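The values are calculated or read from the model by the stated rules, or taken from the named source; none is laboratory data. None of these values were measured; they are calculated from a predicted model. Every residue, glycine as well, gets a Cβ built from its backbone with ideal geometry; the counts of neighbours run over all protein chains shown. Please note that ligands, DNA and RNA were not included when accessible areas were found on the heavy atoms of the full protein model with its side chains. Shrake-Rupley method; radii C 1.70, N 1.55, O 1.52, S 1.80 Å.
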Amino acid sequence: MVPLAVHSYYSLMWGTCSPEKICAAAKKRGYRRLAITDTNNLYGLWSFLKSCKRENITPIVGAELTDSETGYRALCLVKNDQGYRNLCRIITRRHIDAVFDLKSVILTHARGLVIITQHPELLTQWHEAGITVAAAVSGKPDGTALRLRKTSRYLGLPMLFTPGSFFTDPEDFKTHRMLRAINLNTSLSRLTTEDTTSPDAWLASASEYSRRFAIWPDVLRATEAIAEQLTFTGPCHGLVLPPWTDIQSNNADRALRDVIYKGAIKRYGDDLSETVVDRLEHELCIIKKMGFSSYFLVVRDIVSRSPRICGRGSGAASLVAYSLGITNVCPIKHNLYFERFLNPGRSDSPDIDIDFAWDERDKVLQSVLEQYKGHAALICNHVTFRPRMAIREVAKVFGLTEREIGRVSKRLPWFWRKDHTKEDFFQKLKQLPELSEFDFPKPWPKIIHAARDIIGIPRYISVHPGGVVVTPEPIDNYVPVELAPKGVPVIQWEKDAAEENGLVKIDLLGNRSLAVIRDAIANLRNNNTVFDEHFWEPEDDSATQANVAKGNTMGCFYIESPAMRMLQKKTKVGDFEHLVINSSIIRPAANEFIREYVRRLRGGRWEPIHPLLSDVLEETYGIMVYQEDVSKTAVALAGFSHADADGLRKIMSKKDKIRKLDDYQVRFTAGAQAKGVRNDQIAAIWNMMMSFSGYSFCKPHSASYARVSFQAAYLKTHYPAEFMAAVISNQGGFYSTFAYVSEARRMGVEILSPDVNNSDILWKGSAETIRVGLSSVKNVSSETCKRIVSERKEKPYNDIVDFLDRIQPASPEARSLINAGAFDLLYPKENRAALLWELACWKRFRSNRYGAGDLFNERMAAAKPAFPPEKKRARLRQEFSALGFLCDRHPMMLYADTLKKLKTVKAMDLYRFIGRHVRIAGLLITAKVVYTKHGDPMEFLTFEDDTGLIETIFFPKTYRRFCTILDRSRPFILHGKVEEDFGAITMTVNQAEALDVAD
């Protein structure tokens, strides 16, 4: 017996088990061959193939296709390469065709497939068309099965036993029911038998299936016989590179050489140095040998569609890419390691990531999809149940309200670790400091246990942020394609599976900082400031370097996080090379090495961990910083080849790395011992290499981003108003608009209120002022913003009634504009309550305009009442409500009298109190929760007052006490000790309380 109708959890919201678990269960139950036939997809194909190889099981590739109109179903099993291509086409048609007819599509694409169905009419038609077809019986031999048996005998077709399985064990049925209830948005009690599969749809042993179907032993034998014919064990396309054609009929190698040297001359001048030529020839030789010339030419064509890009990733180590304009950092000047990108032993595809301005990326992507229509699609993401989603969805099945659910789900930290979802899930949840005040009444214990069982199960597929695949043949020859909700084509595999099948992706991503730089420069030119980008070398500007060294980089892409700014303050260096190091060493697993790096950088003595690594790690003070340091170390210390060393580097970021890492460690240890390295040195070096687990960066990537960082830092240093206006307008960055407004004010920039006659939609900077953009006024739609700007081109607004008549805003829009101060220049001495009265009168006039009576002069008849003086705090509170910040002052200034009595210390004065316990007051602007080595949560929080930023640390004990009260809606009084570390000032908090002051 061979199971031919097994469904994994990629049969979305039906199956409960991963291909890995299914294959392990099949091995344990004695199966040598196995098919996973997920419904209308091949999402899990590569996971299935790898699991079969691990368990020494022969895979059978296939899928179950359904017809939603007729209810027809058929198993499609692959016999050969042609069958695989046809299966991909059938699945693609199933997802893309407006009207899908299973019967006719199978007639067109059946070659190379075995089609199995339980519908007699389909058996007959497909058999008469010469298709390899068999009858399927999935349950007990009942009357329906008997009629199908007669049909198959009449046609001379085999009948197969294909019991459907959706889980590996009987107890998984409850998880299946939960998934079905979530999918149908109903409760468990309302599920019908049609809504779920049978309770016995689990993967039984061969002996159990033989017992169930002992009455027809010939059917079991026929099933075995068909399975033996299915020898296809997975596609093998090799590397699938994008097509390239040249109007002059040059081949790709010759064309690439021509454009490279032209580009190199643009970069370096007519007289190319021997170093440049040798490097180009070296790279060209490898590119030609590996067949990647067309790939570079296609990427060059894509980047030419936008004037401002950032090529990054390991591809930035290529001088060829730099000469083509794909990247913007010279790999020779910055000593970038080309073999990290391409080497002759590398079997997987190269990876070039291209950033475009975030608001230009979709247009570029659409142009690529149109140019290569039918040959291009985006990569997908398989979105799985995370703890928060799982708890929320299960709670809805149990009938809880949104408010009840939010009490738990909203307090779950986003950083929840996967190993917390095992048997102790409920205990771990109850131990979370964020939920310390929640006692988990019934039915919460049941909800938590049910949620635990679905964590990690795929929920739906989404679109990868920018990975696109372009193929020489129609793309559905390689992989099934479907349409994402936004209408773009996506392949059914995630990036790792795509790469394993040889599909070479090109990442076309959106980057807000590129738009910030673009808009800041445009703002300068609108202000008649001459700015020439052609010879712009911001990393050589001493003033910019000084600001970077001080950590004054809020708003500057890639280097504005609190951790990065603190590191800059500790290192006190702002040159390009050190910024590349600093931005790479900031990674969670490297914390223990960061302090040692700073010590060495500041002049502390150090020796290489081993003489063999003295040259390899010299530029990073003997510490591994970049991904390629792992590869270089493996080559120098353990004698790895470049390909094997790159394999070690890659496996560190994989989900299933433990098993393979053990093998690499054995080889690494043996190789290092053979070179005379001591065991304690090997252990220390391996530990440093393991700090690259999870996410880390290669030097070319960090260098590419450091270039963008320096451009941003330069603009902030020399043109703060224009730069900060662009940062806020693009709604991007690490911080909120409130924080960026405060930063601009600290730089001496005056924030001008929004104004109906002067504000544009976006923020605009000029000299030492920034005018708030209309888009930042809450409740005002983008269409209304456009009307305001367009309408005033004819003539400015005379007063509020003129504005209301011409714009016709909704009441909430008009109220927000009034409260934000958008009419203050028209009414410099007017109470804002009077403007709200004008709005009320206008609304009344408009509602009565077409009623009975003489209303022509009605709005002139009402006399404006005398309004009492406006309370300053009430006015500012309304302004803050409309904008999220105050234009003329920091909100903490409103508490000046109270804070004076409390004797709080200002942020700018903290350096005077190092080693002392003080009291400070501030508003929370950002926070990051991390885990200690013991698994306890703690938090780094940044507060600000009217003088500066305050970096604070809440260690686990303090975090547990105060994490539930901290939010961004109110100021806090913090008590703690001021600490100093290499010149960076922080405060270790031991007590926090809300600052509550009456009006």
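In the set (1) over 28 Å from Pro474 (Cα atoms); (2) open to solvent by 10 Å² or more (accessible area, probe 1.4 Å); (3) part of a loop (DSSP other than H, G, I, E, B), the condition left unmet by Gly374 is number (1).
Kindly provide the set of residues from region 237-272 that are of a type in the set (Val, Ile, Thr), open to solvent by less than 20 Å² (accessible area, probe 1.4 Å) and not in a helix (DSSP H, G or I), ordered by number. Selection gives Val240 alone. Candidates Ser210, Ser205, Ser198: the one that is of a type outside the set (Phe, Trp, Tyr), surrounded by fewer than 19 Cβ atoms within 10 Å (Cβ to Cβ) and touching a Gly at 6+ places or on another chain (Cβ under 7 Å) is Ser205. Does region 29-45 contain at least one residue that is crowded, with 19+ Cβ neighbours inside 10 Å, under 31 Å from the mean Cα position of the chain (by Cα) and part of a helix (DSSP H, G or I)? For region 29-45, residues crowded, with 19+ Cβ neighbours inside 10 Å, under 31 Å from the mean Cα position of the chain (by Cα) and part of a helix (DSSP H, G or I): present. Screening Ser306, Ser293 for residues that are over 30 Å from Arg518 (Cα atoms), modelled with pLDDT under 95 and in contact with a helix residue (DSSP H, G or I) (Cβ under 9 Å, 6 or more places away or on another chain) leaves exactly one candidate, Ser293.
Say we look at region 219-236 and pick out the residues that are in contact (Cβ under 8 Å) with a residue 24 or more places away in the chain and over 17 Å from Pro59 (Cβ atoms); which of these is most open to solvent (accessible area, probe 1.4 Å)? So the residue we want is Ala225. Kindly indicate the residue of region 57-74 that is open to solvent by 40 Å² or more (accessible area, probe 1.4 Å) and part of a strand (DSSP E or B) and also farthest from Pro235 (Cα to Cα) among those meeting that condition. For region 57-74, the residue satisfying everything is Arg73.
Examine region 950-964 for a residue that is touching a Gly at 6+ places or on another chain (Cβ under 6 Å), under 26 Å from Arg746 (Cβ atoms) and at pLDDT 95 or above, and state whether such a residue exists. Taking every residue of region 950-964 in turn, at least one turns out to be touching a Gly at 6+ places or on another chain (Cβ under 6 Å), under 26 Å from Arg746 (Cβ atoms) and at pLDDT 95 or above. Identification of helices (runs of 4 or more DSSP H) wholly contained in region 671-762 with 1 or more residues that are closer than 28 Å to Asp946 by Cα yields 699-718, 720-729, 737-746. Got at least one residue in region 178-185 being small (Gly, Ala, Ser) and either touching a strand residue (DSSP E or B) at 6+ places or on another chain (Cβ under 8 Å) or surrounded by fewer than 21 Cβ atoms within 10 Å (Cβ to Cβ) (or both)? Checked against the condition, which is being small (Gly, Ala, Ser) and either touching a strand residue (DSSP E or B) at 6+ places or on another chain (Cβ under 8 Å) or surrounded by fewer than 21 Cβ atoms within 10 Å (Cβ to Cβ) (or both), region 178-185 yields no hits at all. So, in region 186-214, exactly how many residues are over 30 Å from Gly30 (Cβ atoms) and in contact with a strand residue (DSSP E or B) (Cβ under 6 Å, 6 or more places away or on another chain)? Residues in region 186-214 being over 30 Å from Gly30 (Cβ atoms) and in contact with a strand residue (DSSP E or B) (Cβ under 6 Å, 6 or more places away or on another chain): 0 in total.
Taken over region 788-815, the residue count meeting the criterion of being assigned to a helix (DSSP H, G or I) and open to solvent by 10 Å² or more (accessible area, probe 1.4 Å) is 11. Arg600 meets the conditions (1) over 17 Å from Glu339 (Cβ atoms); (2) touching a helix residue (DSSP H, G or I) at 6+ places or on another chain (Cβ under 9 Å); (3) basic (Lys, Arg) in every case but one. The failed one is (2).
Against the conditions (1) surrounded by 13 or more Cβ atoms within 10 Å (Cβ to Cβ); (2) closer than 30 Å to Ile521 by Cβ; (3) of a type outside the set (Phe, Trp, Tyr), Glu783 satisfies every one except (1).
The set of residues from region 736-769 being open to solvent by 10 Å² or more (accessible area, probe 1.4 Å), touching an Asp or Glu at 6+ places or on another chain (Cβ under 8 Å) and among the acidic types (Asp, Glu) comprises Glu750, Glu768.
Yes/no matrix, rows are residues, columns are (1) touching a Pro at 6+ places or on another chain (Cβ under 9 Å); (2) under 29 Å from Pro19 (Cα atoms); (3) at pLDDT below 95:
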{"site": "Leu188", "(1), (2), (3)": "no, yes, no"}
{"site": "Arg212", "(1), (2), (3)": "yes, yes, yes"}
{"site": "Ile215", "(1), (2), (3)": "yes, no, yes"}
{"site": "His237", "(1), (2), (3)": "no, yes, yes"}
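I'd like the full set of residues that are at pLDDT 95 or above and among the aliphatic types (A, V, I, L, M), limited to region 333-356. Once the filter is applied, which keeps residues that are at pLDDT 95 or above and among the aliphatic types (A, V, I, L, M), region 333-356 yields only Ile354.
Only a single item in (1) open to solvent by less than 30 Å² (accessible area, probe 1.4 Å); (2) more than 18 Å from Tyr735 (Cβ to Cβ); (3) among the β-branched types (Val, Ile, Thr) is not met by Thr529, and it is number (1).
Where helices (runs of 4 or more DSSP H) fall wholly inside region 870-967, the ranges with 2 or more residues that are surrounded by 13 or more Cβ atoms within 10 Å (Cβ to Cβ) and free of Cβ contacts under 8 Å to residues at least 12 places away in the same chain are 872-883. Selection over region 341-362 of residues that are open to solvent by 20 Å² or more (accessible area, probe 1.4 Å) and farther than 17 Å from Val468 by Cβ gives a count of 6. Selection of region 687-739 for residues being aliphatic (A, V, I, L, M), touching a Gly at 6+ places or on another chain (Cβ under 8 Å) and within 17 Å of Ala549 (Cα to Cα) yields only Ala712. Taking the listed residues Lys660, Lys632, Lys650, the one that is open to solvent by 40 Å² or more (accessible area, probe 1.4 Å), outside any loop (DSSP other than H, G, I, E, B), within 30 Å of Val548 (Cβ to Cβ) and modelled with pLDDT under 95 is Lys632, with no other qualifying. The condition of being farther than 17 Å from Ala35 by Cβ, of a type outside the set (A, V, I, L, M) and touching a residue at least 40 places away in the same chain (Cβ under 8 Å) holds for only one of Asp97, Asp101, Asp81, that being Asp81. Only residues that are over 19 Å from Ala927 (Cβ atoms) and open to solvent by 50 Å² or more (accessible area, probe 1.4 Å) were counted in region 718-735, giving 3. Only one of the numbered conditions (1) farther than 30 Å from Arg518 by Cα; (2) open to solvent by less than 20 Å² (accessible area, probe 1.4 Å); (3) without any contact (Cβ under 8 Å) to a residue 60 or more places away in the chain is violated by Ile326, and that is (1).
For Val573, state whether it is buried (at least 16 other Cβ atoms within 10 Å of the Cβ), in contact with a Ser or Thr (Cβ under 9 Å, 6 or more places away or on another chain) and in contact (Cβ under 8 Å) with a residue 12 or more places away in the chain. Criteria not met by Val573. Listed conditions (1) buried (at least 24 other Cβ atoms within 10 Å of the Cβ); (2) free of Cβ contacts under 8 Å to residues at least 40 places away in the same chain; (3) among the basic types (Lys, Arg) are all met by Lys699, apart from (2). Of the conditions (1) assigned to a strand (DSSP E or B); (2) out of contact with any Cys (no Cβ under 7 Å at 6 or more places or on another chain); (3) open to solvent by less than 10 Å² (accessible area, probe 1.4 Å), Val383 fails just one. Which one is it? It fails just one condition, (3).
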